[in-house]
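Every number in this text was worked out from the coordinates using simple rules, so none of it is lab data. Fair warning: this is a prediction, and the values are worked out from it, not measured in the lab. Neighbour counts run over all protein chains shown; Cβ positions are idealised from the backbone, glycine included.
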Amino acid sequence: METHTIDVVNSISDEAFKSRYLVPQKPLVIRGLTQNTPAGKKWSLDYIKQVCGDVTVDLYDNTNKNEASAFTKPDLKMNFGDYIANISKDQPGSLRMFLFNMFKKKPELRDDFPCPSIMRGVLGRMGFMFFGAKGVNVRIHQDMDMSNVLLTQFYGRKKVILIAPEYSDLLYKLPLNTHSLVNLDQPDYKKYPGLAYIKAYECILEPGDSLFMPSGYWHYITYLDGGFSVSYRKMALDLKTKIQGLLNVFVYMPLDKVLNVVIGKDWLRYKEQKALKRAARAIAHIKLREVEKGTKVYGA
Ligand SMILES: O=C(O)CCC(=O)C(=O)O
């Protein structure tokens, strides 16, 4: 897998963001978007504990990994204050919180960090929080709704690997859902040779950095420290991707869930075989194109 760096800017106008990154669907890191917001000044793990410490939250345990399954069910419930105390220790852990709808629980938090103008739109009121202990990783996935996402880091650092949706077959995407067969922590190039043809982006998010992830971009995240971030979403720009997002949410994922229950392991095996076949076909296409290119150059 070849990795590239992501453009970094200290600030960007709405117009420049739209023409250079949103429309071409190119990732970007923006530094300092939080600087002039109340959140930038006061949000820390302690502050969030003060405001939301009384809430009970769903947690996911990284040690219960099931890479081939599409489904992420919470593993346990915990008092949020206790969980924050746990990740503040900056010791390796395995618990993370995913898609926590903070504004529903504590609407006053929205005023501290309203949706940045570059992401305004119909989804602008939906802010999600993500927390994780040091060492936690979030397996590679696409967001089901295929929205554009702005992920802003508030505490701790995170390593992010981004891969464009056109590499889905080479990434061994499972049919009917938005997960992949591969584990990017220890990529197995022998078992998954398609990985060798992928061009990925990589960055480390520091507190105050916001990462723009275009629609359908695969992301694999490693918490380098215990910490948290907030995401805002903006609907996919083109109709085809919007429809893909709706199909994922309302048709494919529910169907996958039903088939998983009804057919069980055989359904999983079928999906794995399908993912392997699609990747083999994508590799064959690339090789064919290389041969054609070689012939053209040779015959010129
Ligand atoms: O940062 C995280 O913990 C996960 C973020 C994520 O997967 C997302 O924004 O879709």
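Placing pseudo-labels 7 Å out from each Cα toward the beta carbon at Leu224 and Thr3 gives an inter-label distance of 1.0 nm.
Put the Cα centre of segment 137-210 next to the Cα centre of segment 253-288 and the gap is 18 Å. In order along segment 17-27, the phi-based Karplus estimate (6.51 cos²θ - 1.76 cosθ + 1.60, θ = phi - 60°) of 3J(HN,Hα) comes to 4, 5, 6, 9, 10, 5, 5, x, 6, 10, x Hz; Gly and Pro are listed as x. Take each peptide in 160-169, 16-25, 44-53, count the other Cβ atoms within 10 Å of every residue, and average; sorted highest first, the result is 160-169, 44-53, 16-25. Identify all aspartates and glutamates with a Cα-Cα distance to Lys77 below 13 Å; exclude those on the same chain that are fewer than 8 residues away in sequence. Straight-line reach from Lys77, under 13 Å: Asp54, Asp58, Asp61. Bridgeable lysines around Lys104 (alpha carbons under 17 Å apart, same-chain partners fewer than 8 residues away excluded): Lys49. In percent, rounded to a whole number, the relative contact order of segment 2-245 is 29, using alpha-carbon pairs under 8 Å and six or more apart. Note on Glu15/Phe250: beta-carbon distance plugged into 1/(1 + (r/R0)^6) with R0 of 30 Å gives a FRET efficiency of 0.30. Which pairs, out of Lys134/Lys240; Lys18/Lys257; Lys26/Lys240; Lys41/Lys89; Lys199/Lys271; Lys26/Lys287, put more than 29 Å between their alpha-carbon atoms? Checking Cα-Cα distances, Lys134/Lys240; Lys18/Lys257 exceed 29 Å. Evaluated with a Cβ-only charge set (Lys, Arg +1; Asp, Glu -1), the chain carries a dipole of roughly 680 debye about its Cα centre, given to the nearest 20.
Here segment 140-289 is assigned +1 on the Cβ of each Lys and Arg and -1 on the Cβ of each Asp and Glu. Its dipole about the Cα centre then comes out at about 640 debye. Normalised radius of gyration (Cα atoms, divided by 2.2 N^0.38 Å) for segment 2-245: 0.98. Each stretch of four or more DSSP H residues adds -39500 (n - 2.57); spread over every residue of the chain, this sum gives -8500 deg cm²/dmol at 222 nm. Positive end of the dipole of the chain (Cβ unit charges, origin at the Cα centre): among Leu151, Met253, Pro116, the Cα lying farthest that way belongs to Met253.
Which of rounded, prolate or oblate describes segment 1-46 when judged by the alpha-carbon gyration tensor and an a/c cut-off of 1.5? Since a/c reaches 1.5 but b/c is at least a/b, the shape of segment 1-46 is classed as oblate.
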